[in-house]
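Read through the structure below, which is laid out as structure tokens, and then see the notes.
Nothing in this text is a laboratory measurement; each read-out follows from the coordinates by a stated rule. As the structure is a prediction and not an experimental result, all values here were calculated from the model. Cβ sites come from the backbone with ideal geometry, for glycine too, and all protein chains shown count toward neighbours.
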Amino acid sequence: MSVHIHKEKEEDLGMLQMQVLWLLERGPTHGYALMKKLNVIKKTKIGQGTLYPTLQKLEGNGYIEVKDTGARGRKIYDITTKGKTIMRRSCDDFVFVFSGIFDEYKCRHCPVKNCSRRRV
């Protein structure tokens, strides 16, 4: 799934790219730690064959950069200013697109029978 509705010519971020940028905004880290964090928040498991090409693409687009090399030669990734900008825009777009869906879903499954918000 790709989320992006802004008019400017920017690359659409896929869900995984948006999640990686979101995690890196919280602090620099290496790929293995990112993979572990992603596997906690996602239903599908992310492996090296998925994560590292994603990191390469984000780096190639200037959204992340290698800040340092940590223990055992692991690259420490950090989000760039450009990455923060596109991540925030993509999150705004995601919320805009899906907030109505989430609200309607919650209302349909609300246990309160006479809820004034219910539209079923």
**Asked** What number in nm² do you get for the range 13-108 if you take the convex hull of its Cα atoms and divide its surface by four?
**Response** 6.7
**Item:** ILE101-TYR52 pseudo-label distance in nm [points 7 Å out on the Cα-to-Cβ vector]
**Value:** 3.2
**Asked** All other residues with a Cβ under 15 Å from the Cβ of THR69 taken together, and with Lys, Arg as +1 and Asp, Glu as -1, what is their net charge?
**Response** 0
**Message:** Excluding same-chain pairs closer than 8 in sequence, count the lysine pairs in the range 13-108 whose Cα atoms lie under 20 Å apart.
**Reply:** 18
**Fill in**
Residues whose modelled amide H sits under 5 Å from the amide H of LYS67, counting only those 5 or more places away in sequence or on another chain, are ILE76, TYR77, ASP78
